[in-house]
Amino acid sequence: MVCVIASAGATDDAGRQVFLKDATPSCAICHTLAEAGATGKIGPSLDELKPDAPRVVQAVKAGIGAMPPYPQLSESQIQAIASYVARASGGAAK
Amino acid sequence: MNNHPDLARRRLLATGSGALAVAGLTGVSRVTAQTPQTAPAAAASQKPLPPYIAWKDADALIVHTPTTVETKRTALGTGAITPAERLYIRNNIAAPDVSIVANRDAWQLSVEGVRQPRTLSVAELKTLGLETVAMVLQCSGNGRGYFPSKPNGTKWQVGAAGNLIWSGVPLRAVVESLGGPTAGMRFITGTGGEAVPAGIDPKTVIVERSVPITALGDALLAWEMNGAPVPHAHGGPLRLIVPGYSGVNHIKYIKRLALTRDETDAAIQATRYRLAPLGTKENPSQPAVWEMDPKSWINYPAPDVGPVKRGWVQIHGVAMGGTQAPRKVDVSLDGGTTWREASFIGPNMGRYAWRPFVLQADLKPGAYMMASRVTDSQGRVQVETTPDNTGGYLNSGWRAHAFTVNVA
């Protein structure tokens, strides 16, 4: 096997998987994120908020405002969703 | 049949301690020309207003996020009342659709925990009583940005607050008209009209707060703010107003008002908005974020304004007692070593309002550490330091709100 450095695309797939499926309840219930096809309305639109990765990590680990923490997610899942949301929302480019 | 014989007379007397006549409260001053906002907010202020509050005064506001918008210190003014166009925004979750204000009088409120529980429309509520109160609406996290521990959440400075005039029916009149409280009720529990999507436990996000039933004395169900229908962005068609309490307790688009034996177990009551010692998680055993404390701050000169010109300077700000009227304000120009009594400007609007104040000072060139400290009518003095707490709530300390002004 050839060791492949994870491309942004592969990372996005993993992060999207956590965003839509692994996180319970799904992030998509509350948040809008066009890249993921998520149209949740009760929480902030991530397309508008454009969080960077550390902000996503903080929110997922500790909760923020009405959003509860997600203690069931592993460190690698959290890193995947954070880099994905930051990139997909445009927050990584800020 | 359910009306107590003295109810009508009571309405006429408007006995609520915060009631006042609003005649003459006009002419809101503007001071926006003086300074930009402070440095930490400079980047955030570049964001445009979100569409739902496009009607607000963008130059007066700092957009932290689409649901957290702060009034610039320099836009708080000296007119005593905060115009709606400048008032801060803080929403825990997305508001209901704006269509709920298309027919305001048709909005329905379920009243429970009374002898004859039922649902009333705003039109019906308007027949039960009328009172007006001036009240500081202050986000529970206002001043969070000054806590040394840097708690999570919006780093509000001073502008998550405004002084507003609310009109509506006294809650006690509504309760009396429905036969009074059922026995043993200890709390007033209000539920907002936000829709919670399927797939999440409503208790985790629902906006439902309980306050002690003693608040029944002055609480209103308000449909007017500053003489106009309560804007949708501020809780219209109907908002619970609990004078003296912090922002989260004034339930927007209220759809259910219940007198309850216990506090709600919704997360926003049980594990949020608790005064938890630093390093501990918020839980129901800790004090709830309810009543506000005496607090004041200086709005001009603002921090980070370039050097102020030597000579006479009108140092002004606002002072509130929280639950009692402010009696006096002292201003220090040397970081709290010495204090001089400032003068109130504008009308006294009661125990729940703030009052602008001014200290005229002839300043020579130099650096001045400016602070203000209010004393309320009961002799309570604004604390020097509010201890850090996990959520970063209710920061009222005068030292944290002090800043240096350079005079050249």
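Looking at B:132, B:154, B:127, can you tell me which residue is over 30 Å from residue B:320 (Cα atoms), open to solvent by 10 Å² or more (accessible area, probe 1.4 Å) and not in a helix (DSSP H, G or I)? Outline the logic, then answer.
Working: B:132 fails: over 30 Å from residue B:320 (Cα atoms); B:154 fails: over 30 Å from residue B:320 (Cα atoms).
The match here is B:127.
Might you let me know whether the range B:375-383 holds any residue that is open to solvent by less than 20 Å² (accessible area, probe 1.4 Å), in a loop (DSSP other than H, G, I, E, B) and either out of contact with any Ser or Thr (no Cβ under 7 Å at 6 or more places or on another chain) or within 20 Å of residue B:403 (Cα to Cα) (or both)? Step through it out loud before you land on a result.
Of the range B:375-383, the ones open to solvent by less than 20 Å² (accessible area, probe 1.4 Å) are B:375-376, B:382.
Going one step further and asking which of them are in a loop (DSSP other than H, G, I, E, B), we end up with B:382.
Still in the running and either out of contact with any Ser or Thr (no Cβ under 7 Å at 6 or more places or on another chain) or within 20 Å of residue B:403 (Cα to Cα) (or both): B:382.
The answer is yes, given that some residue of the range B:375-383 is open to solvent by less than 20 Å² (accessible area, probe 1.4 Å), in a loop (DSSP other than H, G, I, E, B) and either out of contact with any Ser or Thr (no Cβ under 7 Å at 6 or more places or on another chain) or within 20 Å of residue B:403 (Cα to Cα) (or both).
Just need a number here: residues in the range B:169-196 that are open to solvent by 40 Å² or more (accessible area, probe 1.4 Å), farther than 17 Å from residue B:253 by Cα and either without any contact (Cβ under 8 Å) to a residue 12 or more places away in the chain or not charged (D, E, K, R) (or both). Working first, answer last.
At the first step, the residues of the range B:169-196 found to be open to solvent by 40 Å² or more (accessible area, probe 1.4 Å) are B:181-186, B:195-196.
Subset that is farther than 17 Å from residue B:253 by Cα: B:181-186.
Filter once more, keeping what is either without any contact (Cβ under 8 Å) to a residue 12 or more places away in the chain or not charged (D, E, K, R) (or both): B:181-185.
Qualifying residue count, the range B:169-196: 5.
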If we ask which residues in the range B:275-300 are open to solvent by 10 Å² or more (accessible area, probe 1.4 Å), within 27 Å of residue B:206 (Cβ to Cβ) and not aromatic (Phe, Trp, Tyr), their number turns out to be 12
If residue A:76 satisfies every condition in (1) at pLDDT 95 or above; (2) open to solvent by less than 70 Å² (accessible area, probe 1.4 Å) but one, which is the exception?
(2)
Could you list, in sequence order, the residues of the range B:336-374 that are assigned to a loop (DSSP other than H, G, I, E, B) and among the β-branched types (Val, Ile, Thr)?
B:337, B:338, B:345
Can you tell me which residue is least open to solvent (accessible area, probe 1.4 Å) among those in the range A:28-41 that are out of contact with any Pro (no Cβ under 6 Å at 6 or more places or on another chain) and within 11 Å of chain B (Cβ to nearest Cβ)?
A:40
Residue count for the range B:301-322, restricted to those that are at pLDDT 95 or above and either surrounded by fewer than 22 Cβ atoms within 10 Å (Cβ to Cβ) or aliphatic (A, V, I, L, M) (or both)
11
Can you tell me which condition residue B:279 does not meet? The list is (1) at positive phi; (2) touching a Phe, Trp or Tyr at 6+ places or on another chain (Cβ under 8 Å); (3) not aliphatic (A, V, I, L, M), and all the others hold.
(2)
Would you mind stating whether residue B:293 is part of a loop (DSSP other than H, G, I, E, B) and more than 18 Å from the chain's Cα centre (by Cα)?
no
Among B:78, B:74, B:82, which is in contact with a Pro (Cβ under 7 Å, 6 or more places away or on another chain), surrounded by 18 or more Cβ atoms within 10 Å (Cβ to Cβ) and among the polar types (S, T, N, Q)?
B:78
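The values are calculated or read from the model by the stated rules, or taken from the named source; none is laboratory data. These numbers come from a predicted model, not from an experiment. So basically every Cβ, Gly included, is an ideal-geometry build from the backbone, and we count neighbours across all protein chains shown. Each accessible area value is taken on the protein alone, full model and side chains, heavy atoms only, with ligands, DNA and RNA left out. Shrake-Rupley method; radii C 1.70, N 1.55, O 1.52, S 1.80 Å.
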